[in-house]
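*Asks:* The structure follows.
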Amino acid sequence: MERQFLKGCEAIAESAVRAGCRFYAGYPITPQNEIPEYFARRMPEVGGVYLQGESEVASVNMVYGAAGGGTRCMTSSASCGISLKAEGMSYMAMARVPAVVLNAQRGGPGVGDIRPAQQDYFQATKALGNGGFQYIVLAPSTIQEAADMTYEAFDLADKYRNPVMVLTDGFTAAMMEPVVLPEQKSEEELAAIKAAKKADWALKGKVEGQPLHKISFNAGSKPPQGKFMNTGEDRNKTDAAMYELWKEEEVRYEEYRLDNAEVVIAAYGVAARISATAINILRAEGYKVGMIRPIRVNPFPEKPYAALDPAKVKGILVVEHSIPSQMIYDVKLATGNTIQIDTCLRSCGEIISRDQIVEDVKKIFAK
Amino acid sequence: MEEVKVYSRASSIPKNPYIGFCPGCMHSTTFKVIAEVLDELGIVDKTIECNGVGCSGLGLGYVYLDNVFCAHGRACAVATGIKRTNPDNIVFTYQGDGDGGSIGIAETIYAANRGENITMILINNGTYGMTGGQMAPTTLVGQKATTAPWGRNPEEHGYPVHIAELLDSLTAPAYIARVAMNSVQNVRKAKACIKKAFQYQMEGKGFSYVEVMSNCPTNWGMSPLETLEYMEEHTLKEFKLGEIRAK
Ligand SMILES: Cc1ncc(C[n+]2csc(CCOP(=O)(O)OP(=O)(O)O)c2C)c(N)n1
Ligand code: SF4
């Protein structure tokens, strides 16, 4: 497997193509412009479609249409652009169509800052749009992970017939590093995936004697016998059962140097990467510190946090590029307020340094 | 004497549709015409309908076709995504004037400007029917609406938007027509234009648009018969019928 030196955006876009993404629509926004630019060059080579929508709203709705037709598809944006996509994301969750939405987070609120941040955690995990729906949210901390997770996102979307979000940030999108890209899926495999959707629920035109293909309220569960459609509450219950299933089957996290740790860092994405460096420095100095890193922020890895022993762990430090912290509430819920939680934060393009983390961890030890 | 069948229900309109329209509403006439056209062109099994939000969205349960429930105003973007990835299907949008001409005007203009090979049917009834008669982009000067209780006042609300003519300012669209459903003669003409719009799509010519002048007895506060008169005397004077462009 070939190692290449790639920018995050390029690695993401090429991985999507290799996963079989054959429709991409987006609207320019920093720091992820290289994603649409890459697709614009690359899609014609694989018989796919790239479209620059007239807005984020249009782009996400184009993806809704392409997804409804059974094509693997994707849109991406950053922060304030994702806010505009919320409408389409909500519709995709309503109709339960598989698609991939990527957010290369930047500062906020509003136009915020074009520089990187992690200020959309609530939006990604709690309120992607109206209606209380959820996506599985993948949170890469390196370009390698961004490539692998984008690829995986397409399979997850098809598996659950639900959109998936890749929650990355402007750091990872704009950096360059060596990466091994995932395998290109074969045309036969991709054709089989599309055909399976067409045979089941995707739009193709009505077939005599068979139920219509409706991309609307059907939401993954077939209407009861003799009924035109199931009730909204039925659909909410079906979705809720799926979200519960995710808690059993789709939680992913990493424990980093957690053995006998007395201080535990909670961080995802780029903040976890910087935290790992800080932990290595602290361990070398004899500090017992480790990290629980959510690899997916939804479903949140509650169990490893809940398993921390308050008799042994002095404190938790949430490291996040967001002021105020957003992930802290999930950590609090998981630990039931049994362990003191502190934060180490920066926002709107300011980068947390390993020294800041080292210092904040030492403060907890000194308490 | 031999019996000859001279009329039958269009194949995609079921006997007992799940949803209907108010009595005398021309949404149902329009759907009937579209369904007949699809039968005549032999494309029912290839057709995908993108419904707007509004009374147009009731088409989801009125016409039995594969369809998508699009967010308010976004049908042309959704249709773009479907058609670009399934070019062998026939894709059309069915939208209200609020849907395609106000909240979705950007999606409408840009799909038209890209020359997307889709057909857009826009129902111009001068009001927001579904939400109870608020002012629409097409409400006539002086015409009352729940949100313009003294009638549309140009100084405050601007003038009615002529969506067909707006699209006619673009280079890409292939077919643009405005038709009406208020008389037998006009329904016949409307059907010919709607058929032509779908034929344009079948021939790959690009964006085809038919604006259908319609009524809303419920929110105009008139009997269906009175709406026919009102259309003749007022609406059709503001919105001129005919083929505006046929490339
Ligand atoms: C984003 C959004 N805004 C507002 C509404 C409420 N709404 C539903 S239908 C409608 C008006 C539809 O009017 P029009 O497009 O003219 O169609 P008609 O009902 O007259 O056929 C509105 C404003 C909505 N559903 N979604
Ligand atoms: S409210 Fe108006 S547009 Fe809607 S179905 Fe009734 S008459 Fe037709």
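*Asks:* Put simply, what bits of segment B:40-56 lose 40 Å² or more of accessible area when the other protein chains are there, versus the chain on its own (1.4 Å probe)?
*Replies:* Buried by the other chains: B:45.
*Asks:* Right, another one. How large is the Kirkwood hydrodynamic radius of chain A, in angstrom, based on all distinct alpha carbon pairs?
*Replies:* The answer is 21.1 Å.
*Asks:* Sequence neighbours fewer than 8 away in the same chain don't count; with that in mind, list the lysines whose C-alpha is under 21 Å from residue A:314.
*Replies:* A:288, A:303, A:332, A:362, A:363, A:367
*Asks:* Going by Cα centres, segment B:46-106 and segment B:225-239 are how many Å apart?
*Replies:* The two parts, judged by their Cα centres, are 27 Å apart.
*Asks:* Could you pull out the GluC sites (Glu not before Pro) across segment A:142-208 that fall in loop regions by DSSP (anything but H, G, I, E, B) with no more than 11 other Cβ atoms inside 10 Å?
*Replies:* A:183, A:208
*Asks:* To continue, here is another question. Summarise the accessible area of chain B (1.4 Å probe, protein heavy atoms) by the percent that is carbon and sulfur.
*Replies:* It is 54 percent, rounded to a whole number.
*Asks:* Could you give the longest part of chain B that holds none of the chymotrypsin sites (Phe, Trp or Tyr not before Pro) found in DSSP loops with at most 14 neighbouring Cβ atoms within 10 Å?
*Replies:* It works out to B:19-149.
*Asks:* Compute the distance in nm between two label points, each set 7 Å from the Cα along the Cα-to-Cβ direction, one at residue A:329 and one at residue B:172.
*Replies:* 4.1
*Asks:* Next question, about the same structure. Run the accessible area of segment A:299-367 with a 1.4 Å probe and give the carbon-and-sulfur part as a rounded percent.
*Replies:* 51
*Asks:* Antiparallel versus total DSSP beta bridges in chain A: what percent is that, nearest 5?
*Replies:* So the antiparallel bridges in chain A amount to around 30 percent.
*Asks:* On a 1.4 Å probe surface of the protein chains, which of A:206, B:237, B:46 comes out largest in accessible area, and what is the full order?
*Replies:* B:237, B:46, A:206
*Asks:* Please state the equivalent ellipsoid semi-axes for segment A:169-322: what are the square roots of 5 times the Cα gyration tensor eigenvalues, largest first, in whole Å?
*Replies:* Its equivalent ellipsoid spans semi-axes of 45, 23, 12 Å.
*Asks:* Evaluate E = 1/(1 + (r/R0)^6) for residue B:5 and residue B:232, where r is the Cβ-Cβ distance and R0 equals 35 Å; express this FRET efficiency to the nearest 0.05.
*Replies:* Given R0 = 35 Å and the Cβ-Cβ separation, E is 0.55.
*Asks:* Using the Karplus curve 6.51 cos²θ - 1.76 cosθ + 1.60 with θ = phi - 60°, what ³J(HN,Hα) values do you get for each residue of segment A:321-328, in whole Hz, with x for Gly and Pro?
*Replies:* Coupling constants for segment A:321-328: 8, 7, 10, x, 5, 10, 5, 3 Hz.
*Asks:* Which parts of segment B:46-67 would a label at residue B:16 reach, counting a residue when its backbone N lies under 17 Å from a point 7 Å out along Cα-to-Cβ?
*Replies:* Within reach of a label on residue B:16: B:61-64.
*Asks:* Right, next: Quick one: length gained pulling residue B:40 to residue B:113 fully straight, 0.36 nm per residue minus the C-alpha distance?
*Replies:* Between residue B:40 and residue B:113, full extension yields 23.4 nm more.
*Asks:* As a test, work out the antiparallel percent of DSSP beta bridges whose residues both lie in segment A:192-313, rounded to the nearest 5.
*Replies:* 50
*Asks:* Would you list, by chain and number, the aspartates and glutamates whose Cα falls below 20 Å from the Cα of residue B:247, excluding same-chain residues fewer than 8 positions away?
*Replies:* B:116, B:165, B:168, B:203, B:211
*Asks:* Another one. Roughly what angle does helix A:56-68 make with the longest principal axis of chain A, taking Cα atoms, 0 to 90 degrees, to the nearest 10?
*Replies:* Helix A:56-68 sits roughly 60 degrees off the main axis of chain A.
*Asks:* To continue, here is another question. To the nearest hundred square angstrom, how large is the accessible surface buried between A and B, total for both chains, probe 1.4 angstrom?
*Replies:* Between A and B, the summed buried area is about 2600 Å².
*Asks:* To continue, here is another question. Tell me the angle of helix A:143-160 to the major Cα principal axis of chain A, expressed in degrees between 0 and 90 and rounded to the nearest ten.
*Replies:* 40
*Asks:* Enumerate the aspartates and glutamates that residue A:7 could reach by cross-link, defined here as Cα to Cα under 15 Å, with residues fewer than 8 away along the same chain left out.
*Replies:* List returned: A:34, A:37, A:145, A:148, A:169, A:177.
*Asks:* For segment A:1-138, what is the accessible area per residue in Å² when the probe is 1.4 Å?
*Replies:* That works out to 29 Å² per residue.
*Asks:* Using alpha carbon centroids, what distance separates segment A:144-181 and segment B:155-216, in Å?
*Replies:* Between the Cα centres of segment A:144-181 and segment B:155-216 lies a distance of 43 Å.
*Asks:* Separate question: Using DSSP to define loop residues, name the GluC sites (Glu not before Pro) in segment A:260-309 whose beta-carbon has at most 10 other beta-carbon atoms within 10 Å.
*Replies:* A:285
*Asks:* Further question: Could you compute how fast chain B diffuses translationally, taking Rh as the Kirkwood radius over C-alpha pairs and applying Stokes-Einstein at 4 °C with viscosity 1.567 mPa s? Give it in µm² per second.
*Replies:* The Stokes-Einstein estimate is 72 µm²/s.
*Asks:* Still on this structure, please answer the following. Nearest 5 percent is fine: what portion of the DSSP beta bridges confined to chain B is antiparallel?
*Replies:* 20
*Asks:* Label points 7 Å out from Cα along the Cβ direction at residue A:3 and residue A:177: separation in nm?
*Replies:* In this crude spin-label approximation the distance works out to 1.3 nm.
*Asks:* Using label points projected 7 Å from each Cα along Cα→Cβ, tell me how many nm separate residue A:260 and residue A:359, to one decimal.
*Replies:* Simple spin-label model gives 3.0 nm for this pair.
*Asks:* Taking 32 Å as the cut-off for C-alpha to C-alpha distance, list the pairs among A:159/A:206; A:214/B:240; A:85/A:185; A:198/A:247; A:197/B:15; A:85/A:194 that go past it.
*Replies:* The pairs that break the limit, which is 32 Å between Cα atoms, are A:214/B:240.
*Asks:* Just tell me the longest site-free run in chain B, where the sites are GluC sites (Glu not before Pro) in a DSSP loop having at most 15 other beta-carbon atoms within 10 Å.
*Replies:* B:4-202
*Asks:* For every other residue with a beta carbon closer than 9 angstrom to the beta carbon of residue A:98, add +1 if it is Lys or Arg and -1 if Asp or Glu, then tell me the sum.
*Replies:* +4
*Asks:* Where only protein heavy atoms count, and the probe is 1.4 Å, what is the accessible area per residue for chain B in Å²?
*Replies:* 40
*Asks:* Can you work out the PRE-style zone for residue A:196? Point 7 Å along Cα to Cβ, and I want the residues of segment A:95-109 with backbone N under 15 Å.
*Replies:* The answer is A:98-99, whose backbone nitrogens lie closer than 15 Å to the label point.
*Asks:* For every helix of n ≥ 4 consecutive DSSP H residues, a contribution of -39,500 (n - 2.57) applies; sum these over the protein assembly as shown, divide by its total residues, and give [θ] at 222 nm rounded to the nearest 500 deg cm²/dmol.
*Replies:* That comes out to -11500 deg cm²/dmol.
The values are calculated or read from the model by the stated rules, or taken from the named source; none is laboratory data. Quick caveat: nothing in here was measured; it's all calculated off a predicted structure. Backbone-built Cβ (ideal geometry, glycine too); neighbour counts: all protein chains shown. All accessible areas refer to the heavy atoms of the entire protein, side chains included, with ligands and DNA or RNA removed. Shrake-Rupley method; radii C 1.70, N 1.55, O 1.52, S 1.80 Å.
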